[in-house]
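> Take this structure, written in structure tokens, and hold onto it; I'll ask about it next.
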Amino acid sequence: MAVVTHRLHTSTLLKKFFSSGLTAMEKKLAEYKCNTNEAIQLKLVRFPEDLEDDNTTFNPEYSHQVFGDDEVAFGYKGLKILLYYIAGNLSTLFRIEYTSKVNEKFDCVEADDVESKIREIIPPGFCTNTDDFVSLLEKEVNFKPFGMLLHTYSVHNEEAGEDITYQIYKADMTCPGFREYHERLQTFLMWFIETASFIDVDDERWNYFLVFEKYNKDGATLFATVGYMTVYNYYVYPDKTRPRVSQMLILPPFQGEGHGAQLLETVHRYYMSSPTVLDITAEDPSENYVKLRDFVLVKLCQDLLCFSPGKLMQGFSQEMVMEAQQKLKINKVLNQNSC
């Protein structure tokens, strides 16, 4: 006969303790609750000294998809969930640190299995100690962007006092090493897109667009991952496709520098040049994405004859609508419900 043991879920036990009015226990348990948005520490590492530099650390916006709606990990004091990525190829260091952990003094209560939760979203092959991670960092000079170069642009960096060069590439799963790289890259979605999910990379209708920064290290040119976009190409009868933007993310250290606009404009220009593309849409676009898209489309409209200064002085016209739809591949109804 099989023996079945029952273990109460941590949240159920907490409610039980709280409802019992056990103030002392309630306070004791509260000491072992950690906000996972604060506990998770992310880095994009270029140099060994970045590992100890707090200025290179950033935190998630969301962690509910991994740790539940409360975004809390129970059972630890001083919890730190370290997820460090080499800036280019995103090789990963994963380590958990804490000052103390619940023990048998708390009857029927055990710490959350934080490690298993993280392992569910990061691919295998990550480092667990700093020495191995630094060894991989030394090989970063061999990393090169995947796919076909579409666009190069510069952004002036006030702190560095110089222009920084960025490049946008289009890649697919046939690029050697890209599948493994993408598995590491997509983990950021869980922390920065509220309803993110991993895509089926075996579906050949996906396109991937990547942004990289070029930087110098010991006289060599290296590349750092800035962000990316995935686009799914839907079939439209009889001989067209409708690219739909699915995911778009600029990593936090690079946000606010105009990379999102550069990426979206590059993707639009790429599809606009194809005679088989009917129009370009987006899947469940956020408010910020809609604002960004409107900005990019207005910029692209400035290149159209119907939007010349003389035409604009005459007011908005149906001719503008038709030219914008046809040349910019704009969907007939651009709003959150129809994209």
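The values are calculated or read from the model by the stated rules, or taken from the named source; none is laboratory data. This is a predicted model, so every value here is computed, not measured. When we count neighbours, we look across all protein chains shown, and the Cβ atoms used for this are built from the backbone with ideal geometry, even at glycine. What goes into the accessible areas is simple: the full protein's heavy atoms, side chains included, and nothing from ligands, DNA or RNA. Shrake-Rupley method; radii C 1.70, N 1.55, O 1.52, S 1.80 Å.
> Going from most exposed to least, what order do SER246, SER154 have by accessible area with a 1.4 Å probe? Don't jump to the answer; show the numbers that get you there.
Values: SER246 35, SER154 75 Å².
So the residues, ranked largest to smallest area, are SER154, SER246.
> Based on alpha-carbon centroids, what's the gap between the stretch 285-327 and the stretch 125-154 in Å, whole number please?
Cα centroid of the stretch 285-327 versus Cα centroid of the stretch 125-154: 39 Å apart.
> Would you mind counting up the charge near GLY88? Only other residues with Cβ under 14 Å from its Cβ, with Lys and Arg at +1 and Asp and Glu at -1.
Details: positive: LYS43, ARG46, LYS139, LYS144, ARG184, LYS214, LYS217; negative: ASP50, GLU138, GLU140, GLU180, GLU213.
Once all neighbours under 14 Å are counted, the net charge is +2.
> By how many nm would the segment from GLU110 to GLU97 lengthen if fully extended, with 0.36 nm per residue of separation less the alpha-carbon distance?
Working: separation 13, 0.36 × 13 = 4.68 nm, distance 1.69 nm.
Stretched out fully, the GLU110 to GLU97 stretch lengthens by 3.0 nm.
> Provide the net charge surrounding TYR271, with neighbours chosen by a C-beta distance below 10 Å and charges set as Lys +1, Arg +1, Asp -1, Glu -1. Let's see the in-between values first.
On the way: positive: ARG242, ARG269, LYS329; negative: ASP279.
Here the charged neighbours net out to +2.
> Can you pick out the pairs among LYS33/LYS214; LYS33/LYS139; LYS139/LYS170 whose Cα atoms lie more than 32 Å from each other? Don't skip to the end; give the middle numbers.
Numbers: LYS33/LYS214 41 Å; LYS33/LYS139 39 Å; LYS139/LYS170 24 Å.
Check vs 32 Å cut-off fails for LYS33/LYS214; LYS33/LYS139.
> Ok, one more. Chymotrypsin sites (Phe, Trp or Tyr not before Pro) within the stretch 200-250: which are DSSP loop residues with at most 14 other Cβ atoms inside 10 Å? Don't skip to the answer; put the middle values down first.
Details: sites: TRP206, TYR208, PHE209, PHE212, TYR215, PHE223, TYR228, TYR232, TYR234, TYR235; in loops: none.
Those that pass, being in a loop and sparsely packed, number zero.
> Moving to a separate point now. First obtain the Kirkwood hydrodynamic radius of the stretch 125-269 from its Cα pairs, then insert it into the Stokes-Einstein equation at 4 °C and 1.567 mPa s, and state the resulting D in µm² per second as a whole number.
Working: Rh = 16.8 Å.
After rounding, the answer is 77 µm²/s.
> Right, another one. For the chain, give the percent of accessible area contributed by carbon and sulfur heavy atoms, probe 1.4 Å, rounded to a whole number. Working shown, then result.
Values: 8960 of 18440 Å².
With neighbouring chains kept in place, the figure for the chain is 49 percent.
> Follow-up. Which label marks the calculated value of percent of Cα pairs over 27 Å apart, given the options (1) 55; (2) 43; (3) 49?
(1)
> So if we plug the beta-carbon distance of LYS332 and ASN35 into 1/(1 + (r/R0)^6) with R0 = 56 Å, what FRET efficiency do we get, rounded to 0.05?
Working: r = 44 Å, r/R0 = 0.79.
Efficiency for this residue pair is about 0.80.
> Another question, then. Between TYR237 and GLN302, what is the spin-label point distance in nm, taking each point 7 Å from the Cα along the Cα→C-beta axis?
Modelled inter-label distance: 4.2 nm.
> Write down the accessible area per residue of the chain in Å², having rolled a 1.4 Å probe over the full set of protein chains.
Numbers: 18440 Å² over 339 residues.
Computed with neighbouring chains in place, this is 54 Å² per residue.
> Same structure, new question: By the gyration tensor of its Cα atoms, with a ≥ b ≥ c the square roots of the eigenvalues, what is the shape of the stretch 169-217: rounded for a/c under 1.5, prolate for a/b over b/c, or oblate? Could the numbers behind the result be given before it?
Working: a/c = 2.02, a/b = 1.14, b/c = 1.77.
The shape class here is oblate.
> Run the quick spin-label model on GLN255 and HIS64: label points 7 Å from Cα toward the beta carbon, then report their separation in nm to one decimal.
Distance between label points: 1.7 nm.
> Label LYS28 and GLU52 with points 7 Å out from Cα along Cα→Cβ: what is the distance between them in nm?
Going from the LYS28 label point to the GLU52 one covers 3.9 nm.
> Using the Cβ atoms and a cut-off under 12 Å, what net charge is assigned to the surroundings of THR99, where Lys and Arg are +1 and Asp and Glu are -1?
Summing Lys and Arg as +1 and Asp and Glu as -1 gives +1.
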